[in-house]
1. How big is region 33-167 by the Kirkwood estimate over distinct Cα pairs, in Å?
2. Fewest first, what order do Lys100, Lys279 take by the number of other Cβ atoms within 10 Å?
3. Please list log₁₀ I(q)/I(0) at q = 0.12, 0.23 Å⁻¹ for region 164-280, using the Debye equation with identical point scatterers on the alpha-carbon positions.
4. Counting only Cα, what are the radius of gyration and maximum Cα-Cα distance Dmax of the chain, in Å?
5. Compute the orientation-averaged projected area for region 89-151 from the convex hull of its Cα atoms and round it to one decimal in nm².
6. Report the paramagnetic label zone for Arg62: residues of region 95-109 whose backbone N is under 16 Å from a point 7 Å from Cα along the Cα-to-Cβ axis.
7. Bins of 5 Å, beginning at zero and ending with the bin holding the largest distance: percent of Cα pairs per bin for region 69-108, please.
8. Using the Karplus curve 6.51 cos²θ - 1.76 cosθ + 1.60 with θ = phi - 60°, what ³J(HN,Hα) values do you get for each residue of region 238-245, in whole Hz, with x for Gly and Pro?
Amino acid sequence: MKPLPSALALLLSAMSSPSAPHIQVQGHRGARMVLPENTLPAFEYAIQAGADVLELDLAVTRDGVLVVSHDATMNPKYCTAPEGWAGTRVIREMSLAELKRWDCGAPANRDFPRQKSVPGTRVPTLDEVLALAPRGSFHFNVELKSNPRHPEQTPPAAEFARMVADVVRAHKLTGRVNVQSFDFRNLTAMKEIAPEIRMAALFEPGSHDVVNEALAVSAAITSPHYSYITPELVARAHKAGLQVIPWTANDEATWKRLVDADVDAIITDDPAALIAYLKR
C-alpha cells in the first residue's frame, strides 16, 4: 500500500484524536481594542468576529432604565457632552433622554491606539443589546456595577438584581445570560430573585481565595484577574464544580498561559485576534 499523502494523514490523525477543548472567547465591552467600548458597533463587531459571549457593564438612569456603561459617570476619554451641557456627569442623576444626547463614539480612546471612532454613537440600553440575540447563539455576560462607597450611584442590590432579571426574562434569555459582579451583594440578591440565571464572582488582583469565595456566594463561575491563574488553581476550581473565566487578557503570551492552564473562557478586548490565535 502506498503511504498516505502527508496532509491526508494529518487529517485522519486529527479526526481520530480526542477533540481539543473549546475555550470560549468573551468580547470585553464588545471589542474595545477596535471600537468604542460598550456600544452597539462594538458588540456587532464581536458578533461578526465570532465571539462566544458579549461582556458588558450596567448602570441605571434616574428614570430607572438599565444602560450599558462601565463607569458611573460619563468618561471624557470616550464620551462627549452635548453642546452647552452644564449638568451632571453622573448617570444615575440623568434621565435616559439626557444620557442619549451624549456622543460616546466620537473621541477614540487613546488608551487603545487601534480603536476607531464612530461619531454619533449613543449609550445603549440593556434592552437594545439583548435585542441582538437573534443574530446568533452567543451569550451575554452582564456585570452589575456598584460601589459600596457611593451607594447613591446605583439602586440597592435587591432592586438592581430584580431590574436585570425582569429584562432578561422579558427577552427569554435566562439560558444565555450570566451576571457577574465584584460586589457580592448583587450576586446574593440575584440568587434570591432569579436562581435560574448563572452567576460569576469577579475578583480584582490581590490575595483572594477565588475558589472558596465564589462558592460562598453560590456562583457557578470564578472570574479572577488573569494574574491569579495557574494550572493548580484551575484544577482546584474545576474539582469544586466551578468554571474559570479570567479577565482581561490581550496578548498571545498571556493567552498561551491561560490555555495551558485549562481555563474555560478568556475575556479579551480583542476577540477577533484571540479567535485567530486559538485557531492557529
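1. Evaluated over region 33-167, this radius sits at 15.4 Å.
2. In order of increasing Cβ crowding within 10 Å: Lys279, Lys100.
3. So the normalised log intensities work out to -0.45, -1.24.
4. 20.1, 83
5. Approximately 6.4 nm², given one-decimal rounding.
6. Hits in region 95-109 for Arg62 at 16 Å: 95-102.
7. 5, 25, 40, 24, 6, 0
8. So the Karplus estimates, Gly and Pro as x, are 4, 4, 7, x, 9, 7, 10, 10 Hz.
Laboratory data are not the source of any read-out in this text; all were calculated from the coordinates shown. Computed from a predicted structure; not experimentally measured. All Cβ positions, even for glycine, are placed from backbone atoms using ideal geometry, and neighbour counts span all protein chains on display.
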